[in-house]
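So the structure is just underneath, and the comments pick up after that.
The values are calculated or read from the model by the stated rules, or taken from the named source; none is laboratory data. Since this is a predicted model, take the numbers as computed values, not measurements. Methodologically, a virtual Cβ is constructed for each residue, glycine included, from the backbone with ideal geometry; neighbour enumeration extends over all protein chains shown. For accessibility, only protein heavy atoms count, side chains too; no ligands or nucleic acids. Shrake-Rupley method; radii C 1.70, N 1.55, O 1.52, S 1.80 Å.
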Amino acid sequence: HAINPLRMAFIRLHTDLSQKSVLDVGCGGGILSEALAREAEQVTGIDLAAASLATARLHASSEGLAIHYRLMPVEDLAASEPAGFDVVTCMEMLEHVPDPAAIVQACATLLKPGGWLFLSTLNRTPKAFALAIVAAEYLTGMIPRGTHDWNSFIRPAELAHWLRASGLEVVDQQGLHYNPLTREFSLAPGVDVNYLVAARKPMK
């Protein structure tokens, strides 16, 4: 909830969501999907957790939001609906999957020419280990212990390579920073812990 406004701000820096079809990959309980649905013409959220999708559907209904939630892997959707979306988001997911490069490729396949892909993940640095695992999981309890595996964190150069290999152009990357004194998050240069990436599919 705390970082969602920053994710939306990063997306707005690069594209206007009005009259756009948007896909939220790994949508979970629908926090980002709902924010997207308040601005976009059509939003689809996919996830592999049935319980999370049930929660998402219930909350979207209570908010009067028409979001199409589907229980399916992104690779299957890419096979059935290539070039089906103007915008694809995949936030805080890549560091939790066995083959993140395949997820990036599927997301790229789902984009229309000129479409935007927005990603967020964690950098594989000692600082990220200290803050995202030691501090966040063990010292402050901000997130449950065992949530992250540092070996699965992704360096920006690795992510950029996968994006280029999938036919996308990396346009922007920014760090997501947390101030423990104010307990507030902000977007700023420096991608040594959490970071967001914007990439675009070239027009044919």
PRE zone check, label point 7 Å out along Cα-to-Cβ of residue 79, amide N under 18 Å, scope the range 29-65, hits 46-48
So the carbon and sulfur contribution to the accessible area of the chain, 1.4 Å probe, in percent, is 56
Sorted largest first, the C-alpha extents of the chain along its principal axes in whole angstrom are 42, 40, 30
Interchain or sequence-distant (5+) residues whose placed amide H lies within less than 5 Å of the amide H of residue 23 are 44, 87, 88, 89
Among trypsin sites (Lys or Arg not before Pro) in the range 66-148, those in a DSSP loop whose Cβ has at most 13 other Cβ atoms within 10 Å are 145
Note on the range 120-204: alpha-carbon gyration tensor, axes a ≥ b ≥ c; rule is a/c under 1.5 for rounded, else prolate if a/b larger than b/c, else oblate; result prolate
Once residue 150 and residue 68 are pulled to full extension, the length gained, defined as 0.36 nm per residue separation minus their Cα-Cα distance, is 26.2 nm
To the nearest 20 debye, the range 61-204 has a Cα-centred charge dipole, built from +1 on Lys and Arg Cβ and -1 on Asp and Glu Cβ, of 260
Taking the chain and counting helices only, DSSP H stretches of n ≥ 4 at -39,500 (n - 2.57) each over all residues, the nearest-500 ellipticity at 222 nm comes to -8000 deg cm²/dmol
For the range 38-49, in residue order, the Karplus 3J(HN,Hα) values (coefficients 6.51, -1.76, 1.60; θ = phi - 60°; whole Hz; Gly and Pro = x) are 6, 10, 8, 6, 8, 10, 10, x, 10, 7, 9, 9
Quick calc of log₁₀ I(q)/I(0), the range 71-181, Debye, one scatterer on every Cα, no solvent, q values 0.15 1/Å, result -0.70
For residue 112, counting only lysines whose alpha-carbon sits under 30 Å away and dropping same-chain residues fewer than eight positions off, the answer is 20, 201, 204
accessible surface per residue for the chain, probe 1.4 Å, DNA/RNA/ligands not counted, whole Å² -> 49
Here the equivalent ellipsoid of the range 1-74, derived from its Cα gyration tensor, has semi-axes (largest first, whole Å) of 19, 12, 12
